[in-house]
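Here the structure comes first, spelled out in structure tokens, and everything after it is commentary.
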Amino acid sequence: MKTLLLLPGDGIGPEIIAEAARVIDRLRADAGLELVTETALFGGCAYEAEGLPLSDDTLARARAADAVLMGAVGGPQWAGVAYDKRPEAGLLRLRAELDVFTNLRPAYCYPALADASTLKREVIEGLDMMIVRELTGGVYFGKPRGIETLENGERRGVNTHVYTSSEITRVARIAFAIARERKGVLWSAEKANVMEAGLLWREEVTRLGAEAYPEVALHHILADNCAMQLVKNPKQFDVILTDNLFGDILSDIMAMLTGSLGMLPSAALGEEGTPGIYEPIHGSAPDIAGQGIANPCAAILSLAMALRLQLGRPDCAERIERAIGQALADGYRTPDLLAGEGCTRVGTTGMGEAILERL
Ligand code: NAD
Ligand code: IPM
Ligand code: MN
């Protein structure tokens, strides 16, 4: 029996994870899904209750689980909290402790949503791509970091962008392997023109490609140009490999190619046999939290990724993805999705219901 630890978190997190939980219940009932689910506090709510965004107990339960499904953490109410106790710091610690160095962020434009983006239909129709984001290194974790007061009274904020060759090659291996399975083309994005760590990235990826993946066509692109190209002509890409910070930014851009940030799932993976963290790429959406209007698709699609990649039920994953495609094709739209004529406006549970009916 596999175990999935649910970390609903803050803001819209609990609202969207509740819909994922309903999908799990349904699959238990009619697909023979054998899955134990547990729930723990994580993020701002954990800080309120336990004084820390990630307690040792929650971390131990995450380690013991087969996979973790997370909602989102953070919000303006914790803006004044010490940096290392903020909800986001809890997420970074969880990623580091579980050593989930590879973050798969797929973007798929459902046919029904080809008109839902602010971009033109022809630019995004048929889009199906993947960003492979390095997740446990770079400027998010480099030392030194902090804010100090200088002798002259000025304050100085420091973060360090740093990568070792092994940190680069272990995630690059995964990206090459994925590219080989897909179209045989890999784009690697960095800023080798201004950053030494970017140059190292380029050199290591080039070396690995030549040594181990000669059949994959490797292209390098500067991350700023990559951002522009993603908006101009995203379908020129299939798999993009990039670092932690650029991957964060490029994947939010990529979200708009699918119609909404509320559509993008992700999987954070470590070494074989260790639990992955599955989460929507969006945040806690404080501006709409508590209103029952958040799009649960990214959370439910994250569950599908967990079922496929780690919980041994790719058939259930496929059912979920098809049900979501059908609910969208039948016109169900949460407010973040542009709704054309004949569409049905629904909230979070309404969308969850529409998906369940089609499961
Ligand atoms: P956000 O992703 O929470 O929201 C950006 C915009 O997208 C908002 O207008 C929001 O309403 C909308 N949106 C996001 N998800 C949606 C959904 N499922 N359905 C409909 N609309 C959706 O980003 P933000 O506002 O910059 O950040 C808010 C907080 O979330 C911050 O504290 C940030 O650190 C945190 N955050 C957490 C995660 C995570 O837990 N993985 C990811 C990103 C941001
Ligand atoms: C994401 C988020 C996180 C990140 C934050 C909340 C730490 O934006 O998962 O995309 O920057 O990695
Ligand atoms: Mn992000």
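The values are calculated or read from the model by the stated rules, or taken from the named source; none is laboratory data. Small disclaimer: the values here were computed from a predicted structure and weren't measured. As a convention, Cβ positions derive from the backbone with ideal geometry for all residues, glycine included, and neighbour counts pool all protein chains shown. What goes into the accessible areas is simple: the full protein's heavy atoms, side chains included, and nothing from ligands, DNA or RNA. Shrake-Rupley method; radii C 1.70, N 1.55, O 1.52, S 1.80 Å.
Tabulated data for the structure shown
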{"item": "Dipole magnitude of the chain, debye to nearest 20 (Cβ charges: Lys/Arg +1, Asp/Glu -1, about Cα centre)", "result": "420 debye"}
{"item": "Solvent-accessible area, 1.4 Å probe, carbon plus sulfur percent, for the chain", "result": "52 percent"}
{"item": "Evaluated over the chain, the Cα radius of gyration and Dmax, each in Å", "result": "20.1, 68"}
{"item": "Rounded accessible area per residue of region 107-263, 1.4 Å, Å²", "result": "47 Å²"}
{"item": "Computed [θ] at 222 nm, helices only, for the chain once each DSSP H run of length n ≥ 4 contributes -39500 (n - 2.57)", "result": "-13000 deg cm²/dmol"}
{"item": "At R0 = 35 Å, FRET efficiency that the Cβ-Cβ distance of residue 322 and residue 219 yields, to 0.05", "result": "0.60"}
{"item": "Long-range lysine pairs (8 or more apart or interchain), the chain, Cα under 27 Å", "result": "10"}
{"item": "Residue 278 long-range amide H proximity, modeled H, under 5 Å", "result": "68, 69, 70, 268"}
{"item": "Antiparallel bridges, percent of DSSP beta bridges restricted to the chain (to nearest 5)", "result": "35 percent"}
{"item": "Global form of region 1-70, assessed from the alpha-carbon gyration tensor, a/c cut-off 1.5", "result": "oblate"}
{"item": "Protein-only accessible surface order, largest first, of 41, 135 at 1.4 Å", "result": "41, 135"}
{"item": "Amide hydrogen neighbours beyond the local backbone of residue 142, cut-off 5 Å, H modeled", "result": "160, 162"}
{"item": "Region 107-263 - share of DSSP beta bridges that are antiparallel (%, nearest 5)", "result": "35 percent"}
{"item": "Nearest-10 value in Å² for the accessible area of residue 322, using the 1.4 Å probe", "result": "150 Å²"}
{"item": "Fully extended contour minus Cα-Cα distance, from residue 28 to residue 338, at 0.36 nm per residue", "result": "108.3 nm"}
{"item": "Long-range Cα-Cα pairs in region 177-230 (distance over 17 Å), rounded percent", "result": "39 percent"}
{"item": "Distant-in-sequence amide H partners of residue 3 (H built 1.01 Å from N, under 5 Å)", "result": "36, 66, 67"}
{"item": "For region 216-313, the spread of Cα positions along each principal axis, largest first, Å", "result": "39, 37, 22"}
{"item": "Phi to ³J(HN,Hα) by Karplus 6.51 cos²θ - 1.76 cosθ + 1.60 over region 7-21, Hz, x for Gly, Pro", "result": "10, x, x, 10, x, 6, x, x, 5, 7, 5, 4, 6, 4, 5"}
{"item": "Phi-based couplings in Hz for region 172-179 (Karplus 6.51, -1.76, 1.60; Gly and Pro marked x)", "result": "5, 4, 5, 5, 4, 5, 5, 4"}
{"item": "Shape category assigned to region 107-263 from the gyration tensor of Cα positions, a/c cut at 1.5", "result": "oblate"}
{"item": "Sequence-separation-based contact order of region 107-263, relative, with Cα cut under 8 Å and 6+ spacing, percent", "result": "36 percent"}
{"item": "130, 1, reordered so the largest accessible area comes first (probe 1.4 Å)", "result": "1, 130"}
{"item": "The chain, relative contact order in percent, only Cα pairs under 8 angstrom and at least six apart counted", "result": "22 percent"}
{"item": "Cα shape, region 277-343, gyration tensor, a/c 1.5 rule", "result": "oblate"}
{"item": "Residue order for 194, 36, 132 - accessible surface, 1.4 angstrom probe, largest first", "result": "194, 36, 132"}
